[in-house]
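Each remark here refers to the structure printed beneath this line.
The values are calculated or read from the model by the stated rules, or taken from the named source; none is laboratory data. Treat the numbers as computed from the prediction; the structure is a model and nothing was measured. Backbone-built Cβ (ideal geometry, glycine too); neighbour counts: all protein chains shown.
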Amino acid sequence: MAPSLIETLQSAAVAWGVPVAYAICCIVAHRLTAPKEVRVPDHLEPTHEAPPLHPLLLGALWFRRESELHSVENACEVTLAVIVRMIGRGLATFVESNRSEPEAPKEADASRRESLFSRLTQKMPRYNTQFQLIITTEHLDRYERDACELVLPPRARSASMEELCTYARDVGQHYNGLGVILSERTSDLYAAELVRSPGIFYSFLFSPVISFLVGVWALIGFMFIDIEASMPVVAAQFAFAASIFLIRFAMVDVGARIMPTGAQILAQAQATIRWAQAVAKGDSATPCDLASTDIADLLATLLATGNHDLAADTAGALLRSGYGSRADMPEAQQALAFCARRTLADSVPQLKHEKSPVELILDNLHETVLMMNRSGEL
């Protein structure tokens, strides 16, 4: 006996009702929330003034979506931004000295140092000067302490460039710390009213667990009704489940919502980036009255927003404009030295340009990320 219309509708509701209803909820949520999203204004004039926010919080705000995916390289740029700010404010120094031949290692450390330098000299250009990053004060806020722990080797208050690059390649605890440091700042962004939560019900309804269960239902729902599992049926269910996932991730954002104050800060950061781009290209004159803190905050903003190339270009432009020869601002010169590219001791034809210390640290971290990706551990 042929099934009645009611029985057919009941079977369809069991097999596909929940996924279809979920997709409708995703579309409705998008239509209701999208018009209410605060937009980051883009009308601000370019300015060298950095936004009034700690670089670690600025990075967490800028990468608020990437931080949920634990972007290690973004986090490293942000923590280096904190170090630059510390240098420019006199909380740390980045000392340069004329390069001399290294002393012969002690016998107890010979094998370790030989392995260290044999590995690094293959990867890192040799500058005409040696560099040492030194933390000069005990009075650091919690953000600065967190950054130091993820940039300097454990329990160290100073490190050479070789040691900083080696630590960037370490896959130990600091690597895991870089993976979560930005997402751990979300509560601070809430407290500062820079972002807001989408709401408990919204977060629960569109949580990964609920979305996964609905996707599974869309995939195997036909098994609950009298339909034979043939290849066309299975293929159709795969396509149906894929469409549900696509609608969910294209329409719904469960991340932190930007608030007007946060949008204004991001707009000011974008204005700072535009100013730095004009200075780096020579399209805009460099002001001659920048203080050490201005330069430190400017470079920190560029790094905290993921613009390490622009930070290197801007540092070079500031050095060429006269800030490299001024005796009244050693902190700014050290911050510039941390970001700027420079002449190498030996010719390195495979490099298109000289690497800055920041770029070298990021290059070494990037190799670690590639290694982790290849090994399937990320």
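Look at (1) part of a helix (DSSP H, G or I); (2) surrounded by fewer than 18 Cβ atoms within 10 Å (Cβ to Cβ); (3) under 20 Å from the mean Cα position of the chain (by Cα) and you find that Ala236 fails only one, number (3). Considering Ala291, Ala280, Ala296, Ala327, the condition of being on the phi < 0 side of the Ramachandran plot, in contact with a Ser or Thr (Cβ under 8 Å, 6 or more places away or on another chain) and assigned by TED's automatic domain parsing to the domain that holds Glu77 is satisfied by Ala280 alone. There is no residue in segment 253-263 that is touching a His at 6+ places or on another chain (Cβ under 9 Å), at pLDDT 80 or above and in a helix (DSSP H, G or I).
The criterion of at least 3 residues that are more than 23 Å from Tyr22 (Cα to Cα) is met, among helices (runs of 4 or more DSSP H) falling completely within segment 171-231, by 173-180, 186-191. All conditions in (1) without any contact (Cβ under 8 Å) to a residue 24 or more places away in the chain; (2) in the same structural domain as Tyr22 (by TED's automatic domain parsing) hold for Gly215, with the sole exception of (1). Regarding Ser207, is this residue in contact (Cβ under 8 Å) with a residue 40 or more places away in the chain, crowded, with 16+ Cβ neighbours inside 10 Å and of a type in the set (Ser, Thr, Tyr)? Spelling it out, it is not the case that Ser207 is in contact (Cβ under 8 Å) with a residue 40 or more places away in the chain, crowded, with 16+ Cβ neighbours inside 10 Å and of a type in the set (Ser, Thr, Tyr). One residue is enough: does segment 103-121 have a residue meeting the conditions assigned by TED's automatic domain parsing to the domain that holds Ala312 and modelled with pLDDT of 90 or more? No, the conditions are met nowhere in segment 103-121.
Under the condition of being surrounded by 17 or more Cβ atoms within 10 Å (Cβ to Cβ), assigned to a loop (DSSP other than H, G, I, E, B) and of a type in the set (A, V, I, L, M), the residues counted in segment 275-306 number 1.
Mind listing whichever residues of segment 315-347 are touching a Phe, Trp or Tyr at 6+ places or on another chain (Cβ under 9 Å) and either assigned to a helix (DSSP H, G or I) or without any contact (Cβ under 8 Å) to a residue 12 or more places away in the chain (or both)?
Ala315, Ala332, Gln333, Gln334, Ala335, Leu336, Ala337, Phe338, listed by residue number.
Of all residues assigned to segment 249-257, at least one qualifies as being surrounded by 13 or more Cβ atoms within 10 Å (Cβ to Cβ) and among the charged types (D, E, K, R). For segment 273-280, state whether one or more residues are over 19 Å from the mean Cα position of the chain (by Cα), at pLDDT 90 or above and of a type in the set (Phe, Trp, Tyr). Yes: segment 273-280 contains one or more residues that are over 19 Å from the mean Cα position of the chain (by Cα), at pLDDT 90 or above and of a type in the set (Phe, Trp, Tyr). Restricting the first member to segment 16-39 and to residues that are in contact (Cβ under 8 Å) with a residue 24 or more places away in the chain and buried (at least 17 other Cβ atoms within 10 Å of the Cβ), and the second to residues that are assigned to a helix (DSSP H, G or I) and charged (D, E, K, R), the beta-carbon pairs closer than 8 Å and six or more apart or on different chains are Tyr22/Arg248; Ala23/Arg248; Cys26/Arg248.
Restricting Gln277, Gln264 to residues that are more than 30 Å from Ser203 (Cβ to Cβ) and touching a residue at least 24 places away in the same chain (Cβ under 8 Å) narrows the list to Gln277.
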